[in-house]
Structure formats: C-alpha cells, structure tokens
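Working notes for the structure below.
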Amino acid sequence: MVLSEGGSLSSSQRIVALGGERRAPKQLSEGCRWVGGEDAEIDETLVSECAEGTEGGKITDLNFHYKFLRRIENLADYAPQLRSLDLSSNNLRILENLGAMPKLLELKLDACQISRIEGLEKCPSLVSLHLEDNEIACVEGLEKLFSLETLNLERNKIQRLVRGFTKLSKLKELRLAYNDLTSLDGLQGLGSLEVLDVSQNKLEAISADHLKGLGKLDELLLSGNRLSAVGFLNAPGPVRLSSLDLSDNNLSTSSFKGFPNLPLLSELMLAGNHLEELPTTLSTCCPTLEILDISRNLISAPLEVEKLKCLSSLKELCIEGNPMSESDALPKALLSLEGLEYLENRQFVPPKQIMLEDGEQICTFGLTTVEAKASSSSRPQTAEGSRPGTALSRPGTGLSRPQTASKEAVQQPLMHAAPTSKTSRKCASSEQVTSWEQQTLCSLHAIKKQVEKTSLQVDQDLQEMHRYVKKARDANLRYEYQVGRMEADSIPEEEELVRKYQEPMGPPTPGRASQKLRQVTISYRVEEEDEDEAPPASRSIAEVKLPLSPSKLAVCKAQADEVEEVAMEVEVESNADPELPEIEEEVVQVILPAAAQGKPPAGKPGTELRVQKRSAARRANSAGRSLGPKGPYPRLTSSGAGYPGSR
C-alpha cells in the first residue's frame, strides 16, 4: 500500500485498511449512504429471493431490506397483489415507479436518502408508512392516504407541518421526534390521534389551539424541547391523557400554576427540569398517578416526597440527581409512601431500622412496629454466656435486641406494641372518588359493549352450527337409507352360497300355503278312499249316493274353494319370486297322488281338478318366461305329464 506525501492514508485507503470493500470509495464519492456491497437491481431473481409471503401462487410480501438498491423499478407485475413492501436501508433518493398498489397496507422506506414524499396517491389502502431517518424537509403528498393509521417521520429535517394532516381522519400514531419543528400548527382536527411524539425538537411554546380537537390523545411526548410553561394542557383536547413526558425542558415550579385536572394520567415524566419543589396540586390533579420521574432537578427538601403520600396509587418513583438524595431524612420520607414498589427502577425494600432525629428507634417485627426511646440509664449488656439480669436485656421481650427479634422469638408481638392515638386510616377526597367513579363506569361500559358483541357473535355461531348439524343429519339419514337398500336388494352370490351351506341340513319348514294344501290333500285322500266303494263311474255325481253327510260335503266344497284361493296366492307369489314354481310342483304332486300313479281322479271320466286346470293354463302362458336354477320350468298337462313319476 502506497502512502500519501504526508505519510498518512487517504480516505479510500483507510476504508480498505479497516476491512471495507474496494468498491466502497467509489460509492462514497457518488454520495451513497450504504457502501461496501454490490449494487443490485429489482429483477425476477431478486424478487424470488426476497419474497416472504404468497397467496394463490401470487407474491404478497416483498422484503428488499439492505440490498444496495438505487432505484425502484420492475414492480408492475407484482403491484396489484402486494400487501407489504420493505425497501428500507437502501440508497434510494426518489419515490418512483410504485405503480398502482390498491392492496398495499405497509410500506417501509426508512434509512434511505429520500428528500420528498411523492407518488403515494396510488396506494389508497396504506395503513402504515415508515419514512424515518431520511432527508425530508416538508410533510406533503399524504392527502390521498385516507386509511393511514401510523406515520413515522422521525429523524428527518422537518421544520413545519402543513394543513394536509387534517384529511388523515384515521391517523392514530404520529412520530415526529428528532426534527427541527418550531411549531405544532397543522395538527388541529386529528380526532383519532392517540399517540403524538414531538420530542427532541425546537419547540419553545405550544398554544392550546395547536391541540384543539385531539379528544382521543392518550400519549403525549414533549421531551427535549425548550418549553417553559404547560398552559397548553388546558385545551379541551388532551383530557384523556394517560402518559405525559415533559423531561429535559425549561420548566420550574411556577410553570405548573394552573395545571389542569388529568384524572386518567398514570405516568408523568419531569426529569431534567428546574423544579425546586413539587407542584402543590399534583396529588389532586393527578389522582391516579402510578409512575413519577422527578430525577435531575433542584429539589433539596426530603419533605417534598411526603407530599406524595396522598397518592395511594403511586408505585414507581425516580428521584436520583436531586440534592435531597444525599439527605439522611430521605428514608423516613420514603416510608410514608405505603404503596411504593419501585425506586430508581429497582424494587423498593424499606429499611428495618431507621434512627430518627429525636433519638427514637423504630423496631420492626413480623406483625407490628414498636417505638422505644433509647435510655442512657439502661444497664449494659452482660458478658456472653451469662444470664440476663433484667427484662430489658432478655431476648424474649420485644424491647431489646431488635436486630435478632423474629417471629419465633416473639409469640404474641401485639402485646408489646405501644398504643397510638393517631389512626393510620386514610380517606379519599371527593375528587378522587369522582374520578374513580368515572373510570369505573367507563370500564363497565366498555365491558358491557364487549359482552354484547360477544353474545351476538355466539348467537350467530350457534345458528350456523345448528344449520350444519341439520344438513349432516339429513345426509346421514340418506346414506343409511341407501346402504340399507343395497344390502337388502343385492347379496353377492358367494356370500349367499356360504350362508346357505353353512346352515344345518334338514327338511325345509313348510309355508302357510303348503300347510293349507296338505290339509286339503289329506281330506281329499279320505274322500277318495270312501269313493272306492261308490257306484260305477257311468252314473253322475247327483245320482250316486255318497256316504258323506251333507255337512261333510259342504266342508269338502269349502276346502276345494280354499284350494283354489291358495293356488291363486301361489301364482301371485311365483311371479315375484322365481323359487316358488319348484315348491308349487311339489304341492301339485301331493295334491294329485292318483294322477302320479296313472289313476284318473275321482268323479266323471276326463275331468280335472280346478287347481290342476288353472295351474296348466298359467304354465302355458308363462312357458319360456324365466329359467330356474335347474333349467326351464316343466309344463303341467291334464294327465300330469311332466312331473316326476308320470308315465
């Protein structure tokens, strides 16, 4: 490495010697803020590397943080679907080529070199905009961002605000710290603003008109300015403040004359001012104060701390940097703050023994506090190991050796407590009660609204659930019906054969029709045996004297009619079930035993039973109609041909 004439390194040589890249000197000469990396351009390769979110195959989130970009380009293909775009920490100077981004919600351009806000009118849905740490001198170009809720312009060169803020009706958070503001003119009308940070600026005075209309302002940060009065807090706007930071200003005790009533204020920062004593109306104006910072002021009297004992809600206190912090009376003053939990950002533990100015000693036990005056005439302690001579030196009493007293040593410590005439009960003022009442009512009202909203949502969800349950029940019933029909209508042949041959073998159980036909057949056989002794067949039935009685003859006729009805039933069942013709064949064989043996039936020659005639006619009509498991059904003739055993 070649040194310069003076024997020292040049700026570019120094960068390389410290480990920087060789391209860094050139980037510095071109005015780049971020040097050392290779300049990049937005293309398909870089987009694929920086894509952080997709939906439906389209990119919705892009993060180009610290990619050494110099221009915004080639985003037209991704602009319609983008929801989040991060271009922070790059060498960008101009807001350009953003295109139409109707769905963009968050845009980050912090830590760049942007000097002017422009080109954002095509992003109407923008909710969060980060432009901190740039070179912006004037706030403009935000008139069309009607959905904007968060705007960060910290660490810029802004000197004034414009009236365009009034159109941001949904703005909730505005950060303007570390700028060159001298006035807050332009904030009027921001009715939704909740957080305003204008710390570390050049504000010398704020008027009440500047905060007019800020009815929802919750946090106001004004530290690091040149304010000498707080009269602007009397404006009708900031009455709901819960956090107020006035640190590092030019405030004195007289600056708090006419300090307004802030019933919801819980945090007050007054560090780094010129306070010699605390405001007298602090406890009445801020009844719900929990955090107070009065460090780095000019307060010398520890009794000023005792003014805070009326603040029963005070839990955290910072007092370092004041002259009173070195006073021996400060511990006693701190003991008056019964609700104090943190001191100087550390947990506060009150001391067990404190020597007071009048020589009294406070001895603390497990359940009570005992005050005993130090007596100069008390007997000195005896040597170690000897028996105590008086009750004052015995450790069993609560009046001596308080440093070794404990709950085990004192069984009933209340009996050693000195009676006191002063009561330790504190009563709240009417203002405190009123503020607590208002705060409680507001909380209950909010809870009521939330409960109503939740109940409405639950009712809607229940109705939707009932609808889905009904649909599921109907679908289940349809499914069960279809499955039942399938099981009843179609049984696989293999399963039917297995079920059939697994059953025990035995005679089939006769049906109702078979039983009736068998009864008629038995009666017919009896009647046939009686007719063997009858006259010759040439005579008619009317001329033959039957041995049957009239009542028996009527029974036979009724049975014959019943046989005809049963045959008709068998015919109907055979049309529905192909297995019934075989059963019918057996029935006819049983009915006609004489025909099976070649004998003509009783009665006139050539006559047939009505059952036989109807069966023959039916089989003649249905011949060839269906096939059974053993082939075609046989036909029945008048002579009984076609049945087993016929000649």
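The values are calculated or read from the model by the stated rules, or taken from the named source; none is laboratory data. Not measured: the values here are computed from a predicted model. Using ideal geometry, Cβ is built from the backbone for each residue, glycine included, and neighbour counts are taken over all protein chains shown.
With Ser228, Ser169, Ser243 as the choices, which residue is among the polar types (S, T, N, Q) and either loosely packed, with under 15 Cβ neighbours inside 10 Å or assigned by TED's automatic domain parsing to the domain that holds Glu106 (or both)?
Ser169
Please state which one of Ala111, Ala100 is surrounded by fewer than 17 Cβ atoms within 10 Å (Cβ to Cβ) and either over 26 Å from Glu44 (Cα atoms) or not β-branched (Val, Ile, Thr) (or both).
When all the criteria are applied, what remains is Ala100.
Name the residues in the range 68-96 that are assigned to a loop (DSSP other than H, G, I, E, B) and touching a Gly at 6+ places or on another chain (Cβ under 8 Å), would you? Full working, then the answer.
Within the range 68-96, the first condition is being assigned to a loop (DSSP other than H, G, I, E, B), and the residues that meet it are 68, 70-78, 82-83, 87-96.
Across the range 68-96, the qualifying residues are Phe68, Leu75, Ala76, Arg83, Leu95, Glu96.
For the range 122-178, which residues satisfy the criterion of being in contact with a Phe, Trp or Tyr (Cβ under 7 Å, 6 or more places away or on another chain) and among the acidic types (Asp, Glu)?
Answer for the range 122-178, where residues must be in contact with a Phe, Trp or Tyr (Cβ under 7 Å, 6 or more places away or on another chain) and among the acidic types (Asp, Glu): just Glu154.
Which condition does Glu173 not pass, out of (1) within 21 Å of Glu106 (Cβ to Cβ); (2) touching a Ser or Thr at 6+ places or on another chain (Cβ under 8 Å); (3) at pLDDT below 95, if it passes all the others?
It is condition (3) that Glu173 fails.
Here is a list of conditions, (1) touching a residue at least 60 places away in the same chain (Cβ under 8 Å); (2) exposed (fewer than 13 other Cβ atoms within 10 Å of the Cβ), and Arg33 meets all of them except one; can you say which number that is?
(2)
Among (1) farther than 25 Å from Phe64 by Cα; (2) without any contact (Cβ under 8 Å) to a residue 24 or more places away in the chain, there is one condition Ser115 misses while meeting the rest; what is its number?
In the conditions (1) farther than 25 Å from Phe64 by Cα; (2) without any contact (Cβ under 8 Å) to a residue 24 or more places away in the chain, Ser115 misses (1) alone.
Quick check on the range 172-193: of everything there that is of a type in the set (A, V, I, L, M) and in contact with a His (Cβ under 9 Å, 6 or more places away or on another chain), which residue is surrounded by the most Cβ atoms within 10 Å (Cβ to Cβ)?
The selected residue is Leu187.
Can you tell me which residues in the range 102-123 are farther than 19 Å from Ser29 by Cα, out of contact with any Ser or Thr (no Cβ under 8 Å at 6 or more places or on another chain) and aliphatic (A, V, I, L, M)?
The answer is Ile117, Leu120.
Within the range 94-140, work out how many residues are among the aliphatic types (A, V, I, L, M) and at positive phi.
The number of residues fulfilling the criteria is 1.
I'm trying to understand the selection: among the residues of the range 146-202, which are charged (D, E, K, R) and over 19 Å from Pro238 (Cβ atoms)?
Result: Glu149, Glu154, Arg155, Lys157, Arg160, Arg163, Lys167, Lys170, Asp180, Lys202.
Select from the range 263-299 the residues that are among the hydroxyl-bearing types (Ser, Thr, Tyr) and in contact with a strand residue (DSSP E or B) (Cβ under 8 Å, 6 or more places away or on another chain) and write down the one among them that is farthest from Ser223 (Cα to Cα).
So the residue we want is Ser266.
Output the residues belonging to the range 261-282 that are under 41 Å from the mean Cα position of the chain (by Cα), farther than 15 Å from Gly321 by Cβ and of a type outside the set (Gly, Ala, Ser).
If the condition is that a residue be under 41 Å from the mean Cα position of the chain (by Cα), farther than 15 Å from Gly321 by Cβ and of a type outside the set (Gly, Ala, Ser), then Asn261, Leu262, Pro263, Leu264, Leu265, Glu267, Leu268 are the ones that fit.
Give me the residue from the range 36-68 that is polar (S, T, N, Q) and either surrounded by fewer than 16 Cβ atoms within 10 Å (Cβ to Cβ) or at pLDDT below 90 (or both) and, out of that set, farthest from the chain's Cα centre (by Cα). Quick ask: steps written out before the conclusion?
Applying the first criterion (polar (S, T, N, Q)) to the range 36-68 yields 45, 48, 54, 60, 63.
Now drop any that are not either surrounded by fewer than 16 Cβ atoms within 10 Å (Cβ to Cβ) or at pLDDT below 90 (or both), which leaves 45, 48, 54.
On the way: Thr45: 37, Ser48: 32, Thr54: 22 Å.
Among residues in the range 36-68 that are polar (S, T, N, Q) and either surrounded by fewer than 16 Cβ atoms within 10 Å (Cβ to Cβ) or at pLDDT below 90 (or both), the one farthest from the chain's Cα centre (by Cα) is Thr45.
Looking at (1) at pLDDT 95 or above; (2) crowded, with 21+ Cβ neighbours inside 10 Å, find the lone condition where Val305 falls short.
Of (1) at pLDDT 95 or above; (2) crowded, with 21+ Cβ neighbours inside 10 Å, only one is false for Val305: (1).
Is there any pair linking a residue in the range 77-101 that is outside the structural domain of Lys58 (by TED's automatic domain parsing) to one that is aromatic (Phe, Trp, Tyr) and surrounded by 20 or more Cβ atoms within 10 Å (Cβ to Cβ), with Cβ under 6 Å and at least six apart or on different chains, and which?
Filtered contacts from the range 77-101: no entries.
Is it the case, given these coordinates, that Glu149 is farther than 21 Å from Leu217 by Cβ and acidic (Asp, Glu)?
Criteria not met by Glu149.
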